[in-house]
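Peer 1: The structure follows.
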Amino acid sequence: MTEKDAIAKVRAWRREATEDPEGFWGRAAEQVPWFRRWERVLDWQAPTFRWYAGGLSNLAYNCVDHQVAAGRGDHVALVTENERGERGTLKYAELHRETKRVGAALRAMGIKKGDRIAIYMPTSAEAIILMLGAIRIGVVILVVFAGFGAGALGERIRLAGARALFATDVTYRKGKDVPLLGIVSQAIADAPTVERVVILRRTASTDRVKNELSWRDFLAAGAGHDDTHVELEANEPAYILATSGTTAKPKLAVHTHGGYQVYVYSMAKWMFGLRPSDIWWSTSDIGWVVGHSYIVFGPLLVGATTVAYEGALDHPNAETFYDVVERNKVTGVFTSPTAVRLLMRYGTPPARKHDLSSLERVFCAGEVLNAPAWEWLQKEALQDKVPVIDHYWQTETGGPVVGNPYGIATLPIKPGSGGVPLAGIEAAVVDQDGNELPPGEKGIFIIKRPFPGLTARLWAEPERYARDYWEKVPGKNVYFTGDATSIDKDGYVWFSGRADEIIKIADHRIGTIEVETAFLRHPAVTEAGVTGRPDELRGQVISAFVVLKQGHQPSEELKKELLATVRNDLGPLAVIGELNFVDMLPKTRSGKIMRRVLKAVILDKDPGDISTIEDEGSVEEARESWQQMKSSVAAGR
């Protein structure tokens, strides 16, 4: 397909959704199975809405039972691997059997439709089986990343009102057993709704937690109990998941059996080009929305094989990422810019040792895939043999909202851009008063109307939902993303960072992403994080933290080169107040740079005094990163 034809095809696809949004999403819903058809596509009563009201479905049933009924029982559904070299596979028929066992065991425990359970487990076969088995019987799941501290875990359990907690005794990270039982004990001490704690044991530890039941005994107790699925109204919750916010209290986004399922399936086809023959690997963790949507639900709804990996992508060595691709003959990868920059540290030799011929496309999301990182992966590591495609979404959106729709037609790639708003996403950039801005001007990215993947409520907090998402722009009924953005004349979206992280230098606005990208253009830099600090003359200047590639050492000469690189790229506007060489950047558990920790280092403040840490970071994580950063800066690194 020519470039001109691809542009025309994508424009027609997007126009179809804009001209008749309800017809468009009605046709999309017809592509997934329903027990009973919906009565109305959309019921929008601001600020909330309902998709496919009256329709009956079940997200997990369509992931597993439907695939078996369609004759795919002998097809491999799930491949699990970990950094210790352990590997397992489950065919759809085997996955079906195991999810039924879990459903029966939950019922034996007294857990029923509408109850909530919390899952504090790493990305493993048991965790994924539990997710599916619970949803299949109408239980609402809350997955918490198996690495959060007791405070974060306990708070999420309390907010959800979870009746049971499922955990492992350890998780694996960089060759170590990371103990979880102590965290579990602390968390449930102040979580009165938790009646039982089921522990999947991986070690011989004799430590026990209150009301503990072993995974084996949990499953055995379900023998003879009802293992049938339930039919659920489209707007009933399948899962709730914590997301970041403007206060320290996490927000629990709700995703449903109807709208969410339609959206995740549709974007699996349109954005990622997923098909049943794919061997798909999302390098995320099940504790994040990407893990829900595109480790578990999206690939299984399509009938593909999904690879789930536990551990670090560079352990036991720098070839691990490429090993997994080659061994499994992976056809599609979904990873993060953080992972790309990690691979970049080791250069291209690890990639050259492996047969990557099965790979057809690579997608990135999480933060902006800076142009230099894109260029390295696209042209050096993968030698321009497959497209590397950036895209954008949030926990609240359930799936992609901006991207390059590989499954429809691949548009020309503009390195550093997230792509174009996808079909059904009516987006704009506005100023603080809600006025739409012309192409090229920076403002806040908003979405004008609901779409099926968008969360319609926060768990038990309807007022907060309206306040945080739909009432932020004065006089407008639009979804507020909180991200600073511009849209160019071709319709491509360029994200600059969070709106509250924009740096204002002498009344000029510059995004953190733009400055970090400029640093990455220097061949010695593998990662950069920046923030603004107060300046009497200019209002703010830039404070920069730089991690160097292997083989490069800090020096005054290198510092001068880096400052010149940024000035050459961004002009005299980008005033660097200080540049610090550091060994690492503080990141959230999902891999995003904690720029507020950077600010705490510069201002010599305790990060516990900062009201929020971006995307799931806890105060404990922030303080640990803060101390490490302070030590590194003080040492003159």
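Peer 1: Given the structure, is G407 in the same structural domain as M267 (by TED's automatic domain parsing), surrounded by 16 or more Cβ atoms within 10 Å (Cβ to Cβ), among the small types (G, A, S) and over 17 Å from V368 (Cα atoms)?
Peer 2: It is true that G407 is in the same structural domain as M267 (by TED's automatic domain parsing), surrounded by 16 or more Cβ atoms within 10 Å (Cβ to Cβ), among the small types (G, A, S) and over 17 Å from V368 (Cα atoms).
Peer 1: Which condition breaks for W38 when tested against (1) part of a loop (DSSP other than H, G, I, E, B); (2) within 23 Å of V296 (Cβ to Cβ)?
Peer 2: Unmet for W38, out of (1) part of a loop (DSSP other than H, G, I, E, B); (2) within 23 Å of V296 (Cβ to Cβ): (2).
Peer 1: Within segment 532-552, which residues are among the polar types (S, T, N, Q) and modelled with pLDDT of 90 or more?
Peer 2: Matches in segment 532-552: S543 only.
Peer 1: Here's something else I'd like to know. Name the residue, out of I240, I188, I183, that is crowded, with 20+ Cβ neighbours inside 10 Å, among the aliphatic types (A, V, I, L, M) and closer than 21 Å to R107 by Cα.
Peer 2: Residue meeting the stated conditions: I240.
Peer 1: Then there's this: Would you please name the residue that is modelled with the lowest pLDDT, looking only at residues in segment 553-604 that are polar (S, T, N, Q) and either in the same structural domain as G291 (by TED's automatic domain parsing) or closer than 23 Å to A339 by Cα (or both)?
Peer 2: S590
Peer 1: Any idea which residue in segment 434-491 is nearest to W51 (Cα to Cα), counting only those that are aromatic (F, W, Y) and in a strand (DSSP E or B)?
Peer 2: If we take residues in segment 434-491 being aromatic (F, W, Y) and in a strand (DSSP E or B), then Y479 is nearest to W51 (Cα to Cα).
Peer 1: I've got another one for you. Every residue in segment 210-246 that is of a type in the set (A, V, I, L, M, F, W, C), in a loop (DSSP other than H, G, I, E, B) and touching a Gly at 6+ places or on another chain (Cβ under 9 Å), please.
Peer 2: V230, A234
Peer 1: Considering only segment 459-504, state which residues are in the same structural domain as L159 (by TED's automatic domain parsing), modelled with pLDDT under 90 and β-branched (V, I, T).
Peer 2: Result: V473, single match.
Table: residues versus (1) part of a helix (DSSP H, G or I); (2) of a type in the set (F, W, Y); (3) over 28 Å from the mean Cα position of the chain (by Cα); (4) surrounded by 18 or more Cβ atoms within 10 Å (Cβ to Cβ).
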residue: P33; (1), (2), (3), (4): no, no, no, no
residue: V68; (1), (2), (3), (4): yes, no, yes, yes
residue: D74; (1), (2), (3), (4): no, no, yes, no
residue: A77; (1), (2), (3), (4): no, no, no, yes
residue: E81; (1), (2), (3), (4): no, no, no, yes
residue: T89; (1), (2), (3), (4): no, no, no, no
residue: A93; (1), (2), (3), (4): yes, no, yes, no
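Peer 1: Looking at segment 90-98, can you tell me whether even one residue there is touching a Gly at 6+ places or on another chain (Cβ under 6 Å) and more than 27 Å from L153 (Cβ to Cβ)?
Peer 2: Yes, segment 90-98 has at least one match.
Peer 1: Related question: Restricting attention to segment 293-328, report how many residues are assigned to a strand (DSSP E or B) and either surrounded by fewer than 18 Cβ atoms within 10 Å (Cβ to Cβ) or in contact with a Ser or Thr (Cβ under 7 Å, 6 or more places away or on another chain) (or both).
Peer 2: 3
Peer 1: I would also like to ask the following. Residue pairs, Cβ under 9 Å, 6 or more apart or interchain, first in segment 209-235 and closer than 30 Å to Y52 by Cβ and touching a residue at least 12 places away in the same chain (Cβ under 8 Å), second of a type in the set (D, E) and buried (at least 18 other Cβ atoms within 10 Å of the Cβ). List them.
Peer 2: H229/D65
Peer 1: In segment 115-167, what residues are part of a strand (DSSP E or B) and crowded, with 24+ Cβ neighbours inside 10 Å?
Peer 2: I117, A118, I119, Y120, I141, V143, A164, L165, F166, A167
Peer 1: Just the residues that are farther than 16 Å from I141 by Cβ and among the small types (G, A, S), please, taken from segment 259-297.
Peer 2: G259, S266, A268, G273, S277, S282, S284
Peer 1: Name the pairs whose Cβ atoms lie under 7 Å apart, with the first residue in segment 37-55 and farther than 17 Å from H255 by Cα and among the hydrophobic types (A, V, I, L, M, F, W, C), the second surrounded by fewer than 16 Cβ atoms within 10 Å (Cβ to Cβ) and modelled with pLDDT of 95 or more, and 6 or more positions between them or separate chains?
Peer 2: If the second residue must be surrounded by fewer than 16 Cβ atoms within 10 Å (Cβ to Cβ) and modelled with pLDDT of 95 or more, the pairs left are W38/G54.
Peer 1: For the condition at pLDDT 95 or above, surrounded by fewer than 23 Cβ atoms within 10 Å (Cβ to Cβ) and of a type in the set (S, T, N, Q), what is the one hit in S214, S282?
Peer 2: Going through S214, S282 in turn, just one is at pLDDT 95 or above, surrounded by fewer than 23 Cβ atoms within 10 Å (Cβ to Cβ) and of a type in the set (S, T, N, Q): S214.
The values are calculated or read from the model by the stated rules, or taken from the named source; none is laboratory data. Here the structure is a predicted model, which is why all the values come from computation and not from measurement. A quick note on method: Cβ atoms are made from the backbone with ideal geometry, for glycine too, and the neighbour counts reach across all protein chains shown.
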